[in-house]
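I have placed the structure first, in the form of structure tokens, so that the comments after it can refer back to it.
The values are calculated or read from the model by the stated rules, or taken from the named source; none is laboratory data. This structure is a prediction, so every number in the text was calculated from the model and none was measured. Heads up, the Cβs are rebuilt from the backbone with ideal geometry, glycines too, and the neighbour counts pull from every protein chain shown. Areas reflect the complete protein model, heavy atoms only, side chains present, ligands, DNA and RNA absent. Shrake-Rupley method; radii C 1.70, N 1.55, O 1.52, S 1.80 Å.
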Amino acid sequence: MSADAPAVTLPASRTPSAQDRAGRVRALAAHHAPLVPALATVLLMCAPVEHGDASSPGGITPADAASAALVVCCAVRLLRARGRPLNGTAALVLGAPAVGFAVATVTSGDPAASLPGFVRYLQIFVLVPTALVLTLRTVRDFRVLAGAVVVLALVQGAIGVEQYLTGTGASYMGHNIRAVGTFGPLDVMGMSTVVAYGLIAALAMGLAPDADAPHWLRPAALGSAAALLLPLALSFSRGAWIATAVAVGVVLLLAGLRLAVGTMAALAAVAVVLIGGAGIGSQMMSERFASITAVSDAPDRSVTDRYTLWAAATGMWRDNPVTGVGLKGFPAHRDSHASLGLSSGSDTAGAGLAFQREPLLSPHNMYLLVLSEQGLIGITALVGSWAALLVCALRRLPAARRRGRAADCGLLATGLLVWQTVDFLYADIGGPSTVLCAVLFGLVARWALTEDRAAGADPR
């Protein structure tokens, strides 16, 4: 090379400085910070609840406190943004139930006694779902929260299985073997509800992962769904079994017939190995299954009480068809509408609680509870909102499957909503697990009502 030739300087490769890395960390933290209260609402349900907290007046669990923080944080962000947070359809679907709650409270014979019920219903069916719709900005956010539900289900399910194996669960047929997780015998439906949510979420994420999803996601998700079959069975909850069977069937059919047949066969094989082949509670479980079809021929005491409570609820509605007896009014009007066949309460014991009689304060049917306490106005607004969510969720699913993007979110939302609407035929809200119902409706509404953002690309 000539001495006069200009030197060629190659650009040095730029390595990220500590300042750049810190900036990316701050941006990542700022993006995920709104998710913290939502995740806390789910994961704090792993914490044991002191007996009586959920049923005592004004009792607040850690998960309830986290859900309140979620709503407050969302409200603060809205005030700062000063924008229109929801479109007209979303505002109508999410806000309509509040009208029924307000009317039932104002027209109640004792509005002061109905006020706590108004706050609770507003929390579960309006405020928390709306806050989640506004908080879950991307598909990734949706999946992170759904993953937290699966983690919660696995933790509670593991505790429930341990309770069965060690005889430290709730009392069932004279044995302390009923799996109830950390919820205790006063909320025997709590663990089965959580486990069913997690099972459906895991199944949906395993059936329809995106093309760029990690390779481990499908086997991990389907394995989790299969593992959750055991604690669900050991909950001895007939309503949860029926709702899960219906929801799983819907999810599998929506995912595709060929995939449905193979997955159903695999789940059935796992169920046989875990429950039948291992002999885990096989006799009691078979008797419990058989009782599902015998409720009209030879019902047990719990079924007889439930029929009596249902009749009492319909009697209250006939006396107050438009606005009902008022929120929290069912216990006060129960005895005047129930027959003498109603027992004084249900027996509860085990899982750290001594034997006691738990009063029957609801009809154990969400639709009849709403009909009796809120009348035609309330049930039309609330059930109409759920029907609109289901229609919107189903309408979005075919397009998501064609694009190969977020189909798992659609299956998850549809499956969870189907599960809840079926389970409400045998249960109603109440107990520390209720706040997870609010999370469910938030996930469903996020998928059904915000198409532009839910289907958008995830920021990396």
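Structure values in brief
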| quantity | calculated |
| --- | --- |
| Förster-model FRET efficiency, 45 Å R0, Leu115 and Thr304, C-beta, rounded to 0.05 | 0.85 |
| Whole-Hz couplings from phi, Karplus 6.51/-1.76/1.60, listed for segment 312-317; x for Gly and Pro | 5, 5, 5, x, 4, 5 |
| Area accessible to solvent at Ile377, 1.4 Å probe radius, in Å² | 70 |
| Radius 14 Å from Cβ of Ala311, net charge of other residues (Lys, Arg +1; Asp, Glu -1) | 0 |
| Global form of segment 107-202, assessed from the alpha-carbon gyration tensor, a/c cut-off 1.5 | oblate |
| Accessible area (Å², 1.4 Å probe, nearest 10) - Thr193 | 20 |
| Accessible area (Å², per residue) of segment 42-190, counting only protein heavy atoms and a probe of 1.4 Å | 44 |
| Whole-Å distance, taken between Cα centres, linking segment 411-452 and segment 85-114 | 18 |
| Pair Leu217, Ala387: separation of 7 Å Cα→Cβ label points (nm) | 3.5 |
| Paramagnetic reach from Leu253 in segment 390-418 [backbone N under 18 Å; point 7 Å along Cα→Cβ] | 390-398, 410-418 |
| Accessible surface of Glu358 - all protein chains present, 1.4 Å probe, nearest 10 Å² | 40 |
